[in-house]
Each structure stands twice: as structure tokens, then as C-alpha cells.
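Step one of this worksheet: look at the structure below.
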């Protein structure tokens, strides 16, 4: 009896705390969504609100019809995500597989070469100079794809562990007996057996590319090459500029012409997060698995 | 062990050549993306002059470091970086373990799954998007707080982006909001891994839920807690650039409470053109960060070899 009450109290407490926490996670997104469908003059009068006085789809109509900049940025984001994730999976697995082979001479020095990059790094300033001075990547698509994101030691070692623990050496042996070369073994035996790790790492890479704004911030100044995140970033810094330099009215009114309306800005954010939110239920399984394998063994 | 003779060694290398070939793109990438910048750290000892090229610029010894550590900035950014991260580590730990325990207790598995999905949502979006969510709440003229919440409470509007005193709380809140879900998944996996027999035995002995959590769940996930915390401490000298740059909207009046090493290095390089200071601060971060990673790993190794990085 007593136990029953205790257990029910736990359920109630658990549900109420989690419900509040879950609401805190969802409500900001909801505010974003309602703001994007609010009539512009209503926003100016009442601020962003969950229950707008007057609805309007004007922001989306404008986004669809007028805004070539946004559509191009969207295209760049999609391109960078697809190409970046593919390249990333390719070079990560190509490096991880050989160092997973226990018979490979010099595998330990190779693994250390990968591993050391996780301990020590040169930081922003030298990295910036390497990519802008040594490799002339400023204002190029390569700058969105290559620096920092393409591959990291952590993923290589994660994949190596997967290869070592799930691909039976006997399978590789028998393929070799049948006369298959190393490269052929890699792509026709190892890779097909590795879809779980590929899906997990590919997912994290895709999210990283989709969400990246840092490479664009430091390497891209040409608005034609902006990804969606960079456009959003630029709008935000314009807003900040206006609010801190309100006194400079001439410049302010001039910029005001180009600054997107309050609801339009939120509509851009919505189209930026919608693909992730829509895809989330489908990739959640791999996502949760990725978090736990990454944490357990890094 | 006998050394392989020359022809034999050549044969080995030949059989493994395709495998070495596979590693080339990856090794090359790490060379460019990771090792070249490491050597590039020497620019902290130079007075960078673009007309002479970076390698051709004059050596100035430790002058950049002297300037950096004489300025009040060095102490400020170090203090901010360490304090924020320390608070983040503690708070994330408490929230994540707490939520993981509750998620495990919930009997309705469908709802538990729903909660878990939802608390991970903030982790999926970029800091730029987070700054827009923050702006929708905090904006002076159109923010939800200023226009709806504060008037309802009969309070004055607040110029959030110009008031440093609120930002330690805002940043902490945003960081926990965005990151705790991730850690929660890790701890939940650890809790699920606990053998159910412990709980059955405890229930037979009449232990309450609270007692079970205190004497079974918490002790059994302590190793995971220690590992995760030590790894975070190893990274305490690095901060989330996006959080400190995007969420306060790069607002100058907040720098005292929002400037951390990463934002300082960025502003020195990209906005102020003060490459000397910037690279000195960057090297300071790299070196102290390296020592801290080694130290925390050393401690992890003492506790549990399995979980150590090396």
C-alpha cells in the first residue's frame, strides 16, 4: 500500500519535472514558428508572441517569390552538406581501415599520428593563415568544406574500433584466398559490413555541415558564397549594428531598407531548422547510439 | 626475432602498398588541417608583417606574450573561461544525471521516449539559430520577455543586450539548455546497463526508491560520471565560441562578462587586426589546454585504464 503511494508519487514528480523541461526545450521553437507567421505590424506593436493577433504568410510568400539570395544560400548549404558528408565518410574510412588491420606494419605510429591531433592543436590564428595564405581558400566553396570539418581524429579512431571489433579477420582471410586485392576487399566486404558506423558518423557529419557558420564567418566575405547559416549570421550582426549605432541615422535608415522584416527573419530561421526537425525522428536511433559509443570509448 | 631480409621486406611493403595508399588522403588532410597549424604557432613569436610574408616576418621573442599578460585582458579572459566552464560542468552534471534518473523511472515507455527526443532537440541546432531564439525572447523592442512577460508582472522593460549583470545567468541557462540533453543520453545508457537484480533485491529488503537511487544507481554510474567530468575538465581551457559570440550578439557593452579566450583570439584576428596578441593568446590556450588534457587523462588512467584516451 505504502509502496504503491510512493511509486505513484515518483511517477507524478517525474512526469511534471520532465514535462516542464520538455516544454522549455520546445517552446522557443514554437515562438519562432508563430513569429514567422505573424503579421509584420503586429510584431512591431506586440512583439514576438505565441498567440499573434493577426496571422500572415507574407514572410513565406516573400521568401519563395522574391528572395534569390536565400534560395542560393539554401542551395549552398545543401551542396556543402551532401558533398562534405560523402567526402568525409570516404577519407575517414579509408584511413580507419588500414590502421584497424593488426597485421599492417607501422600501424601504431600511424594511429598515433591520428591520435595526437586530438590532444594538441594550433588554434585559430595559425589555422586561418594556413588556409588563407598557404592555400588560397578565402572566398571559395572549399573553405566551407575543408577546414576543421572534413575529418577528425576522433571519428577515425571510432571507426577503427568498429572495424577491429565487428569484422572477423577470417572473412578478410578467405577473401584474400579467393584472390581479392586489398582495395577490393575494402569496398566490397568491409564497407558493406559497416553501415551502422557509417550511418552514425555520417549523421554527425551531416549535422555539423548543415549547422556550420564558423568557416563562413572567417573565410567567406562574398555574400554569393554564404550558406544559410552565414546569411542568418549577417542579418543578426546588421541588427546589432543598427541597435548600437542608432545615432548614425543616415546609415541606419539606409541599412533599414535592406534589413529583412521581423517575420521574414524568423521565416528564414524556420526553413533552416525544418529539415533537421523533420528528419530527426528517422535518424534519432543512430543519433542516440552515436552519442553513447562516442562517450564510452573515445 | 630475426630481421626480415631486404627482398622479404620489399615484398611485405608491396603487399601492403594498397592499404598505405588508402591512408594517404586522410594523412594529408591531418597534415594540412592539424599539423601545419601546430607549426604555425611560431607566429606568436613574430611581428607579423604581410609585406614580408609570415615566415619572413621579424622574430620578436616573447614580446607578444609580454603585452598580453601585462594587459588586464589576460586575467579577464582566463577568469571568464575557467569560471563559466566550471559552472557549466557542475550544472550540466546535476541536470543530466537528474533527468536521466527520472527518465529511467518513468513507467510509460512511450512518453519516456518522447521526453528523451525532446530534450535532445536543442543539441541539434546551430548557435546562430540559438541566437535567434534568444533574440525572440530578449530583443528590446519586440522580445517576448519585454513585451509579454515583464508587463504582465508589472515590471519595466530591460535592455538585455546592454546589461552585463544578467549575462552570466543567461549564458549558463543557454548552455545547459543546449548541452544537458546530450550528457543525459550518456548517463541514461549507463543507468539502463545496471543489472536489474540489484533493484529487485533492494525492493525485497524494503528499500524505498530514494534509497535505491542513492545506494544503487548513483554509486554504479559514478565511474561514468567521473570519466565524463574529467574529460570536460581536460577541455576547461576551451570554450564554446558560438555561445559567447553569437548568443550575446557580439555586443560590446557585455564584453566584460562574455569575453573568453576563444572570442578574444577571434576578435584580435578578424576584427582588430592585432595578430600578435591574438596568436599569443591562442598559443597560451593551446599549451595550457594540452597540459590539462594530459593531466586529466593521467587521472582517468589511474582510475580506470579502459576509459583513458591513452
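Observations
- Residue B:136 fulfils the conditions (1) at the interface with chain A (Cβ under 7 Å from one of its Cβ atoms); (2) within 19 Å of residue A:45 (Cβ to Cβ); (3) surrounded by fewer than 22 Cβ atoms within 10 Å (Cβ to Cβ) except for a single criterion, (3).
- Of the listed requirements (1) assigned to a helix (DSSP H, G or I); (2) at the interface with chain A (Cβ under 9 Å from one of its Cβ atoms); (3) surrounded by 22 or more Cβ atoms within 10 Å (Cβ to Cβ), residue B:250 misses just one: (1).
- Segments classed as helices (runs of 4 or more DSSP H), wholly inside region B:1-70, with at least 1 members that are closer than 25 Å to residue A:152 by Cβ: B:6-30, B:36-40
- Put simply, of A:61, A:72 the only residue that is away from chain B (no Cβ under 14 Å) and surrounded by 15 or more Cβ atoms within 10 Å (Cβ to Cβ) is A:72.
- Condition met for residue B:93 (more than 9 Å from chain A (Cβ to nearest Cβ), surrounded by fewer than 20 Cβ atoms within 10 Å (Cβ to Cβ) and modelled with pLDDT of 90 or more): yes
- Hits in region A:26-45 - residues which are within 12 Å of residue A:263 (Cβ to Cβ) and within 9 Å of chain B (Cβ to nearest Cβ): A:32, A:35, A:43, A:44
- Residue check, residue A:123 at positive phi and buried (at least 16 other Cβ atoms within 10 Å of the Cβ): yes
- The one condition from (1) at pLDDT below 95; (2) outside any loop (DSSP other than H, G, I, E, B); (3) more than 7 Å from every other protein chain (Cβ to nearest Cβ); (4) more than 30 Å from residue B:96 (Cα to Cα) that residue A:51 does not meet is (2).
- Residues that are more than 7 Å from chain B (Cβ to nearest Cβ) and in contact with a helix residue (DSSP H, G or I) (Cβ under 6 Å, 6 or more places away or on another chain), drawn from region A:119-138: A:137, A:138
So that you can scan it fast, the table gives a plain yes or no per residue for (1) over 22 Å from residue B:62 (Cβ atoms); (2) surrounded by 15 or more Cβ atoms within 10 Å (Cβ to Cβ); (3) within 10 Å of chain A (Cβ to nearest Cβ); (4) at pLDDT below 90:
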residue	(1), (2), (3), (4)
B:254	yes, yes, no, no
B:263	yes, yes, no, no
B:284	no, yes, yes, no
B:307	yes, yes, yes, yes
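- Residues that are closer than 22 Å to residue B:21 by Cβ and within 12 Å of chain B (Cβ to nearest Cβ) number at least 1 in the following helices (runs of 4 or more DSSP H) confined to region A:157-218: A:169-177, A:182-185.
- In region A:97-110, the qualifying residues are those that are within 8 Å of another protein chain (Cβ to nearest Cβ) and within 18 Å of residue B:29 (Cβ to Cβ), and the one that is surrounded by the fewest Cβ atoms within 10 Å (Cβ to Cβ) is A:110.
The values are calculated or read from the model by the stated rules, or taken from the named source; none is laboratory data. These figures come from a predicted structure and were not determined experimentally. As a convention, Cβ positions derive from the backbone with ideal geometry for all residues, glycine included, and neighbour counts pool all protein chains shown.
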